[in-house]
1. Nearest 20 debye, what's the magnitude of the dipole of the range 38-158 about its Cα centre given +1 on Lys and Arg Cβ and -1 on Asp and Glu Cβ?
2. Could you calculate the contour length gain from Asp145 to Ser120, that is, 0.36 nm times the residue separation minus the distance between their Cα atoms, to one decimal place in nm?
3. Assuming R0 = 22 Å, can you tell me the calculated FRET efficiency for the pair Ser113 and Glu155, based on Cβ-Cβ distance, to the nearest 0.05?
4. Quick one: dipole size for the range 166-355, taken about the Cα centre, charges +1 on Lys/Arg Cβ and -1 on Asp/Glu Cβ, in debye to the nearest 20.
5. Just subtract the alpha-carbon distance of Met240 and Ala170 from 0.36 nm times their residue separation and send over the number in nm, one decimal.
6. Would you list, by chain and number, the lysines whose Cα falls below 24 Å from the Cα of Lys107, excluding same-chain residues fewer than 8 positions away?
7. Using a Gaussian network model of the chain with C-alpha springs under 10 Å, which one of Lys194, Lys107, Lys75 is most mobile by mean-square fluctuation?
8. Which of rounded, prolate or oblate describes the range 242-348 when judged by the alpha-carbon gyration tensor and an a/c cut-off of 1.5?
Amino acid sequence: MRAGLVLVFVLVAAAGGGLVLLRFGREESELPPPVPAIVEGIFAEQRLWLRLDNGDLVSLRPDAARPEPEALPGKALGICRAGALPMVLSQGAGQGAWLLQTRASGKWSPGRSLAAEKDSLIAFGCGERSVYIVTSRRLLTVEGDTVRETALGRELEAPIVSTTLFADAASLWIGFNNGEWGGGLIRIRRSDGKLESLERNASGTLCGGPLNAGCDPVNAIAASPRDPACVVAAIGLVHMMSHGRIVELCGNGIRRLYYKAEDHQPPYPDKNADEPGNTVAFFGATRVGGNLWAVGSDGLYRFPGSGPVAFRSLPRFEERGGYRVSFAIPDVVLVLTNVNGKASLGGAVPLLVVR
């Protein structure tokens, strides 16, 4: 039996300003099989590790044609780099249990079992000496053989798309990506679990910034290149229009560090009056040496400790077993993901992984 015909409709602008409907037909058998969306990635043991939205974990060497699947006892819930080694949090064998494993010399450790206690997992990440698991009600801090549990000041709701976690000397910073519903940023004091939502609406309008939980998905958090006591957050959303900026947070102060106009659309009444309607969306940021690298919808940005921002266009992405990646830049790896499509109308966006 022949495969069914798939019809694709595309609206394009005609020369006179109207819209023309184009229809393309393709046999279903000709379409490539879909691959699970990438949620996050790290680079360790000379390869790229990718956690997928179906719970699989794959790894890709820079010279390999396709990624290799990694066998885990359960679905991968989070991945981070502990020193030079990959660490993964997965669903444990027992009901209501998580398993924390490290990989070294080509093998995964037996792992440590942690009680989930029917909590929702909010965020997972590695600091310099500790591993952090943030649930809807608790902060679990793992240091060697010790697990310390701290109750949060209030209960958290799981993100619609993803979270990002950054640890400094005293706090955990967690960015939420809820797609077209925003996301925002919270700070958790590690000593007692006190939790703060960090926002600032300078204009007072519906989606005024520089940081608005109802409108701004936070896709990455990193140390500021200009002040070690501060952090920066990458904000980005493509949902029919493009919207984003880089903000800097110092203590309770929040300021816009950078934005870039995508076109010359006038400002919208519900957004910042000093920003155009379309701005570059930022989907990743990381500190490399004394520089902050950020990836936007149009290219790669380098923010030095002082001086102007340097920009370069995105490199060519190579197809590797259904995934689009680039190892062309020495300090970082770029990978395209369509995971944001579950909560916005944007297409594939670039993620940034530090080597």
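Read the figures in this text as sums done on the coordinates, not as results from a lab. Remember, it's a predicted structure, so these values are computed and weren't measured experimentally. So basically every Cβ, Gly included, is an ideal-geometry build from the backbone, and we count neighbours across all protein chains shown.
1. On the way: 15 positive and 15 negative charges, 27 e Å.
Here the range 38-158 has a charge dipole of around 120 debye.
2. Between Asp145 and Ser120, full extension yields an extra 6.6 nm.
3. Once rounded, the FRET efficiency stands at 0.40.
4. 440 debye
5. Numbers: separation 70, 0.36 × 70 = 25.20 nm, distance 3.87 nm.
Full extension of this stretch gives 21.3 nm more.
6. Correct list for Lys107: Lys75.
7. Result: Lys107 has the largest fluctuation of those listed.
8. Working: a/c = 1.94, a/b = 1.22, b/c = 1.58.
Here the range 242-348 falls in the oblate category.
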